[in-house]
């Protein structure tokens with residue numbers, strides 16, 4: 001369902017409903033995204049049936065809803081759990097509606113309409129859809145506003161202002177890195193550090209200059225990668241070489257310094 | 001522009017017009033909306049004097065139909081281009097309108113903005129669908145942040161909107177959002 | 001300020017005052033001094049009109065004793081703070097909020113937060129790099145504190161997060177740190 005994230009909001013908000021497209025009289029295609037949940041489908045059906053949201057013809061809407069779900073299954077679309085939960089809810093409401101209404105006695109509270117809870121949810125859901133629309137408008141206006149470019153006094157700093165999530169992510173990355181290192185130590189085999197060092201030194205002699213991003217990219221395993229990295233450090237330490245990086249995040253080049 | 005001729009000297013060391021200029025310089029260099037209290041601390045002038053300098057500065061920018069505006073946003077003051085010039089600026093910066101949020105993410109953001117602090121199950125209840133990937137997107141874009149844990153079963157994480165949210169949506173503070181009740185009338 | 005009332009319409013599509021405002025917006029967003037020819041190309045107006053807009057803009061800024069100046073420098077036009085305010089500006093840039101951390105410090109802080117109490121060798125073991133300068137930064141910013149010595153060889157100092165850490169990251173206590181479980185649903 002990650003696709004819904006990449007779909008950009010370039011369409012008219014007012015006309016957005018669960019994307020149900022009629023291709024022929026009875027063949028329907030239902031596009032599912034996070035947006036098109038069961039509440040959206042219900043709202044769509046209510047509108048299509050020109051029903052009143054405050055007096056939903058529950059039997060009719062339930063039938064329509066179920067036929068959509070069947071159709072989704074027929075088209076081999078995985079029906080998300082939420083849709084099935086809603087189907088169950090609808091069926092339950094429908095059966096409650098079929099029970100004979102007990103006459104309301106004097107002084108007794110009127111029994112709650114079995115549809116009430118659903119209606120409340122639908123109304124609440126719609127409110128937030130409108131709120132989303134108003135946010136969208138705001139964001140559009142704000143995208144027309146720009147702040148100043150970087151100025152000299154601002155050293156282009158690599159610093160970031162952090163939240164707990166940054167902290168968490170940083171920690172997770174380290175743990176992944178750490179785990180890989182441990183795995184490497186366990187699988188010590190094949191090429192030795194000395195071999196790797198010899199290889200890289202020889203290559204540097206011939207090519208005079210090594211693009212390290214490229215060199216690291218050529219390594220077949222994590223183990224080789226680490227060996228290559230250590231070798232480079234060793235070369236930097238022992239040989240007449242220099243490391244170059246034009247800009248932060250750009251490729252690093254190892255160059256033989258002529259002596 | 002009658003302002004600085006009428007108003008009297010500020011309480012601090014600076015004249016009103018000096019104060020205005022100093023404030024303008026600070027807002028200009030600040031990367032982020034600059035809170036009044038930071039300016040107060042920095043310049044050692046009265047809060048009222050600084051607020052009045054900011055208001056004057058802001059109205060002067062709009063009166064002389066500058067290409068820039070000075071306005072209050074996300075609890076601070078900021079200088080930015082006026083929307084009228086977005087085409088020229090965008091062309092110059094070769095910037096495309098930044099990727100907008102998907103409908104799913106916008107809906108999730110709306111729920112979080114109005115119901116904060118709110119947990120994942122509470123968002124599910126309102127939206128009727130799982131919102132995990134939207135929440136991830138919103139966290140990545142720094143539009144929402146965690147707001148501690150809720151004291152219920154499982155101690156779920158609660159989410160709220162961030163300062164970046166206010167900035168990106170051009171809001172002084174959350175009270176500037178239209179009230180959710182306003183949308184009630186629009187619902188059928 | 002006789003400028004825009006006296007001067008005639010510019011040759012292009014824009015009025016003099018619109019042109020001035022557009023030019024102002026462009027100079028403002030530009031990272032570098034903006035050459036006249038770039039503005040000409042961008043706005044499609046006559047070179048003379050743009051030059052005159054720039055001159056007018058520049059003298060208006062100095063006439064109204066703004067905190068900013070518009071001037072020609074290094075073959076282009078640039079907006080910057082006026083030298084009179086360099087003290088305030090410098091002080092401001094120095095006083096920037098301390099919540100900013102380099103990635104290295106953030107990583108170190110993450111290890112300390114999740115593994116506390118933890119020693120320097122243990123941090124090295126986890127991060128795979130020396131963290132001495134990060135630890136110093138974090139101590140300076142009072143985000144971490146020493147937590148006594150570990151009872152092993154060399155009795156290394158142990159570190160943990162401070163109360164300031166909780167405040168800066170908006171946490172009630174350490175149990176509010178996000179955990180893997182909070183993210184299981186969010187990651188994919």
Give me a count of the residues in the stretch A:58-75 that are surrounded by 15 or more Cβ atoms within 10 Å (Cβ to Cβ) and in contact with a helix residue (DSSP H, G or I) (Cβ under 9 Å, 6 or more places away or on another chain). 8
Could we say that residue B:57 is under 19 Å from the mean Cα position of the chain (by Cα) and under 30 Å from residue B:127 (Cα atoms) here? no
For residue C:74, indicate whether it is within 14 Å of chain B (Cβ to nearest Cβ), out of contact with any strand residue (DSSP E or B) (no Cβ under 6 Å at 6 or more places or on another chain) and touching a residue at least 40 places away in the same chain (Cβ under 8 Å). no
Identify, by number, the condition in (1) touching a residue at least 24 places away in the same chain (Cβ under 8 Å); (2) surrounded by fewer than 19 Cβ atoms within 10 Å (Cβ to Cβ) that residue B:161 doesn't meet. (2)
Only one of (1) touching a strand residue (DSSP E or B) at 6+ places or on another chain (Cβ under 6 Å); (2) within 14 Å of another protein chain (Cβ to nearest Cβ); (3) surrounded by fewer than 21 Cβ atoms within 10 Å (Cβ to Cβ) does not apply to residue C:86, and that is (1)
Collect the residues in the stretch B:28-55 that are surrounded by fewer than 21 Cβ atoms within 10 Å (Cβ to Cβ) and in contact (Cβ under 8 Å) with a residue 40 or more places away in the chain, keeping them in residue-number order. B:32, B:35, B:36, B:52
Within the stretch C:20-44, count every residue that is more than 16 Å from residue B:84 (Cα to Cα) and within 11 Å of chain B (Cβ to nearest Cβ). 7
Within the stretch B:60-71, does at least one residue satisfy the condition of being within 14 Å of chain C (Cβ to nearest Cβ) and over 18 Å from residue C:28 (Cα atoms)? yes
Given the conditions (1) more than 20 Å from the chain's Cα centre (by Cα); (2) facing another protein chain (nearest Cβ under 7 Å), which single one is not true for residue B:94? (2)
Could you grab the pairs with beta carbons closer than 7 Å, sequence gap of 6+ or different chains, first residue in the stretch A:59-71 and within 14 Å of residue A:118 (Cα to Cα), second one outside any helix (DSSP H, G or I)? A:61/A:49; A:61/A:51
Need the failing condition index for residue B:105 against (1) within 21 Å of residue A:122 (Cα to Cα); (2) facing chain A (nearest Cβ under 10 Å); (3) surrounded by fewer than 21 Cβ atoms within 10 Å (Cβ to Cβ), just the number. (3)
Looking at (1) buried (at least 19 other Cβ atoms within 10 Å of the Cβ); (2) at pLDDT 90 or above; (3) under 22 Å from residue A:40 (Cβ atoms), which one does residue B:122 not meet, given that it meets all the others? (1)
Matching residues in the stretch B:89-117 - criterion: being in contact with a strand residue (DSSP E or B) (Cβ under 6 Å, 6 or more places away or on another chain) and without any contact (Cβ under 8 Å) to a residue 60 or more places away in the chain: B:89, B:112, B:116, B:117
When residues of the stretch A:116-152 are filtered for being farther than 21 Å from residue B:104 by Cα and modelled with pLDDT under 90, how many remain? 9
If you check A:155, A:159, which single one turns out to be modelled with pLDDT under 70, in contact with a strand residue (DSSP E or B) (Cβ under 9 Å, 6 or more places away or on another chain) and assigned by TED's automatic domain parsing to the domain that holds residue A:253? A:159
Would you mind listing the strands (runs of 3 or more DSSP E) fully within the stretch B:75-188 where at least 1 residues are closer than 27 Å to residue B:38 by Cβ and out of contact with any helix residue (DSSP H, G or I) (no Cβ under 9 Å at 6 or more places or on another chain)? B:144-149
Looking at the stretch A:125-144, which of the residues that are over 14 Å from residue B:177 (Cβ atoms) and crowded, with 19+ Cβ neighbours inside 10 Å is nearest to the other protein chains (Cβ to nearest Cβ)? A:126
Take the conditions over 14 Å from residue A:125 (Cα atoms), crowded, with 19+ Cβ neighbours inside 10 Å, at pLDDT below 85 and within 10 Å of chain A (Cβ to nearest Cβ) and apply them to residue B:133. Does it pass? yes
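The values are calculated or read from the model by the stated rules, or taken from the named source; none is laboratory data. Quantities reported herein were computed from a predicted structural model and do not represent experimental measurements. All Cβ positions, glycine included, derive from the backbone under ideal geometry; neighbour counts span all protein chains shown.
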